[in-house]
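One structure below.
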Amino acid sequence: MARVGTAHLPLHGGKAPAYLFQRMTKLAREISLAIIQEYGAVELMRRLSDPYWFQAFGCVLGYDWHSSGVTTVVCGALKEAWKPIWHETGLYIAGGKGGASRKTPGEIEARGNDLKISPSGLVYASRMSAKVDNTDTSTRTTRLDRQYAC
């Protein structure tokens, strides 16, 4: 992907209000289903992996904070949105923030068994991406506060 600009995304504390998160979940489900129906699941994954599209998606869902928190909140909303429909879409999100991140390998393994694939590669990829995501290069420490596998 060509570099087209830069974005300043300051860190903000706190979390999305419950009323907003519930609305985000409903809207994320409907938008996801519309994209899958029109273009397929691979196109949805391609769009979600584009950082500019993802940031815009977060704003469309109503999370207008221009911060790194959009990743956690949007992935959390998608996880909740897809739980009841994952059999229909074939898409599942594992993991989460804090304690939920430690459940990621087990969640991936559970879905791997349902989909009749070996989950070991996905578990490994999830652990490696969590290490990269959570490594603080300024102090050379690692914190395991969130881990998502889409």
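Structure above, values below:
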{"quantity": "Order of Arg127, Arg102 - criterion: other Cβ atoms within 10 Å of each residue's Cβ, fewest first", "calculated": "Arg102, Arg127"}
{"quantity": "Computed lengthening from Arg46 to Tyr124, 0.36 nm per intervening residue step minus Cα-Cα distance", "calculated": "26.0 nm"}
{"quantity": "Two-site FRET efficiency, Glu38 against His87, from Cβ-Cβ distance with R₀ of 25 Å, rounded to 0.05", "calculated": "0.80"}
{"quantity": "Derived scalar couplings ³J(HN,Hα) [region 112-126; Karplus, 6.51 cos²θ - 1.76 cosθ + 1.60; whole Hz; x for Gly, Pro]", "calculated": "x, 5, 5, 8, 6, 10, 7, x, 4, x, 5, 4, 4, 4, 5"}
{"quantity": "Ranked list, fewest to most other Cβ atoms within 10 Å of each Cβ, for Phe57, Phe21", "calculated": "Phe21, Phe57"}
{"quantity": "Residue among Gly69, Leu27, Ala56 farthest towards the positive dipole end of region 17-90, charges placed on Cβ", "calculated": "Gly69"}
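Computed from the coordinates by the stated procedures, all read-outs in this text should not be read as laboratory data. Since we're looking at a predicted model, the values are computed, not measured. Note that each Cβ is placed from the backbone with ideal geometry, even for glycine, and that neighbours are counted across all protein chains shown.
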